[in-house]
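Throughout, read-outs are computed from the coordinates displayed, never taken from laboratory work. These numbers come from a predicted model, not from an experiment. Positions of Cβ are generated from backbone atoms using ideal geometry, with glycine treated the same way; all protein chains shown enter the neighbour counts.
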Amino acid sequence: MDIATRLIHTGASVEPVQGALSVPLYHASTYAQPSLESFGRWDYARSGNPTRHALEEAVAALEGGSVGCAFGSGMAATSSTLLLFQPGDHLVVCDDVYGGTFRVMTKLFAQWGLTVTFVDATETTNIAAALRPNTRALFLETPSNPLLKIIDLRAAATLARERGVLTIVDNTFMTPYFQRPLELGCDIVIHSGTKFLNGHSDVVCGFAVTADPTLGERLRFVQNAFGAVLGPNDAWLTLRGLRTLKVRMEESQKGAKTIASWLADHPRVSQVWYPGLPGHPGYAVHQSQASGPGAVLSFQLDSFELTKKVLEGVRLMAFAVSLGGVESILSYPAKMSHAAMPAEERALRGISDSLVRLCVGLESPDDLIAELDRLMNS
Ligand SMILES: *Cc1c(COP(=O)(O)O)cnc(C)c1O
């Protein structure tokens, strides 16, 4: 079944008592049990909630997985997934990973005895060179944030499998609408559902999905034991947002393509990073593993003064952290998504003081271009 159909119908069986087409919102924290011998389907809401379950089923099915776990944030999903490992284990991580992921790995899990090596994962040979006897997983993000670097997921997953190592992919930027890492051989997909999956800038949530039943059981165990679960209200909102993922992704991508081309020709823009531009170094690899370049792009202006003027002058676009909503958001990675990264680490990764990230929403691209043009020329 095409993903367009699955988006509407997964996790959406008609509610049997009243016939409701929308999944009911169950707030109950506990459920009455029919007998001492056998408990019902639901007992305590940390372990399972019918509204959350409908959302988990939907996200798992969209990613081509068998188990989906919903968490209270993307970072809760990442941290809970990292709890699959043990002190002494080692991970290989792509170097421009999300700032919060960098922080939790280097500040919290390091303290706990998990070691990480950051590599430029755009070359599979760099990943291979970083593997150690105690390496347990690759942790990758493609396109990466904020420089939209592309990692060859099939090559990485093949290498990992040969070496008995798991491949974990943060698929937040693409969503299963454009890219399904499990189908490319990866083992676990992570999402900040706060972004495109919910899509309306009104929920913080996260997911971990796998197609492997054993890993699924272990993830479910961590979800219940560690307890960073998503509440029913936010699960309901996210399920509603998810239904329109196709139209939102298609429209936002259309706008991003138009704006990326316009920026690439602008005299005050020194560089544009967008996997939809044929000059992007990862263009071919991205095309081989995803069905579209998505809605996020980054660009570098020719001075810090102009960067400040644009960020402080925008009215149609919000100057804010986050992405993936119906409204366009302009962010400043050096002080926002990557503020958790020390300045020297940022510089090493090419995250300069005149780098701007744009996530295109559903406004008319012509209006957005007119606003940028006014700020960049006056
Ligand atoms: C936002 C984000 C996260 C963290 O998600 P939260 O929901 O904010 O905890 C992780 N990865 C990527 C790529 C993100 O954009």
Once phi is turned into ³J(HN,Hα) by the Karplus curve 6.51 cos²θ - 1.76 cosθ + 1.60 with θ = phi - 60°, what whole-Hz value does each residue of the range 211-223 show in order, with x for glycine and proline? 9, 8, x, 5, 4, x, 5, 5, 5, 4, 4, 5, 4
Taking placed amide H atoms and a strict 5 Å upper bound, the residues 5 or more places from Phe319 or on another chain that come that close are Leu330
Would you kindly derive the ³J(HN,Hα) couplings of the range 94-103 from the backbone phi angles with the Karplus curve 6.51 cos²θ - 1.76 cosθ + 1.60 (θ = phi - 60°), listing them in order in whole Hz, with x for Gly and Pro? 5, 6, 9, 4, 3, x, x, 5, 4, 5
Computed about the Cα centre, the charge dipole of the chain from +1 Lys/Arg and -1 Asp/Glu charges at the Cβ has a magnitude in debye, to the nearest 20, of 340
Classify the range 87-163 as rounded, prolate or oblate, taking a ≥ b ≥ c as the square roots of the eigenvalues of its Cα gyration tensor: rounded when a/c is under 1.5, otherwise prolate if a/b is larger than b/c and oblate if not. oblate
Pairs of alpha-carbon atoms within less than 8 angstrom and 6+ residues apart define the contacts here; what relative contact order does the range 163-209 have, in percent? 35
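Is the shape of the range 245-377 rounded, prolate or oblate, going by the alpha carbon gyration tensor and its root eigenvalues a ≥ b ≥ c, with a/c under 1.5 for rounded and a/b larger than b/c for prolate? Intermediate values should be presented prior to the final figure.
On the way: a/c = 1.42, a/b = 1.13, b/c = 1.25.
Rounded shape, in that the Cα axes give a/c under 1.5.
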Taking H placed 1.01 Å from N in the peptide plane, check which residues at least 5 places from Tyr26 or on another chain put their amide H under 5 Å from its amide H. Thr51
Picking from Asn145, Asn171, Asn233, which is most flexible by a Gaussian network model of the chain using Cα springs under 10 Å? Asn233
Quick one: of Lys107/Lys254; Lys246/Lys309; Lys246/Lys308; Lys107/Lys309; Lys149/Lys308, which pairs are farther than 32 Å apart, Cα to Cα? Lys107/Lys254; Lys246/Lys309; Lys246/Lys308; Lys107/Lys309
Calculated FRET efficiency, Ala225 and Asp265, Cβ-Cβ r, R0 51 Å, to nearest 0.05? 0.45
Tell me the angle of helix 365-377 to the major Cα principal axis of the chain, expressed in degrees between 0 and 90 and rounded to the nearest ten. 40
Helix axis angle, 50-63 relative to the chain longest principal axis, alpha carbon, degrees: 50
Which residue, Ala32, Ala129, Ala347, has the most motion in a Gaussian network model of the chain that connects Cα atoms within less than 10 Å? Ala32
Which residues among the range 126-145 fall inside the zone where the amide N is under 12 Å from a point 7 Å beyond the Cα of Arg163, along Cα→Cβ? 126-139
Helix-derived mean residue ellipticity, 222 nm - over the chain, DSSP H n ≥ 4, -39500 (n - 2.57), to 500: -10500 deg cm²/dmol
Per its Cα gyration tensor (rounded if a/c is under 1.5, else prolate when a/b beats b/c, else oblate), the chain is best filed as oblate
May I ask you to derive the relative contact order of the range 245-377, considering only C-alpha pairs under 8 Å and at least 6 residues apart, and to give it as an integer percent? 29
If you plug each phi of the range 67-74 into the Karplus form 6.51 cos²θ - 1.76 cosθ + 1.60 with θ = phi - 60°, what whole-Hz ³J(HN,Hα) values come out, in order, with x for Gly and Pro? 10, x, 10, 9, 10, x, 6, x
Most packed first (mean Cβ within 10 Å per residue), the peptides 303-312, 267-276 order as 267-276, 303-312
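Normalised by the residues of the chain, what does the relative contact order come to in percent, with Cα pairs under 8 Å and at least six apart? Kindly include the intermediate steps, with their values, before the conclusion.
Numbers: 765 pairs, mean separation 66.4, N = 378.
In percent, rounded to a whole number, it is 18.
Could you tell me how many cubic angstrom of Cα convex hull volume the range 109-232 has per residue? Show your work: numbers first, answer last.
On the way: hull volume 16.9 nm³, N = 124.
Hull volume normalised by residue count: 137 Å³.
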Given the options Gly72, Gly11, Gly313, state which has the largest fluctuation in a GNM of the chain using a 10 Å cut-off (strictly under) for Cα springs. Gly313
If you fit an axis through the alpha-carbon atoms of helix 232-242 and take the longest principal axis of the Cα set of the chain, what angle between them do you get, 0 to 90°, nearest 10? 50
Just grab the label-to-label distance for Tyr283 and Lys335, each label 7 Å out from Cα along the Cβ direction, in nm (one decimal). 3.4
Please report Phe102, Phe139 as a ranked list, fewest other C-beta atoms within 10 angstrom at the top and most at the bottom. Phe102, Phe139
Quick one: which residues, 5 or more positions from Leu114 or on another chain, have an amide H under 5 Å from its amide H? H modelled 1.01 Å from N in the peptide plane, none for Pro or chain starts. Gly88
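At 0.36 nm per residue, and after removing the present C-alpha to C-alpha distance, how many nm does the segment from Ser38 to Asp366 gain when stretched out fully?
On the way: separation 328, 0.36 × 328 = 118.08 nm, distance 6.11 nm.
Length difference between fully extended and current span is 112.0 nm.
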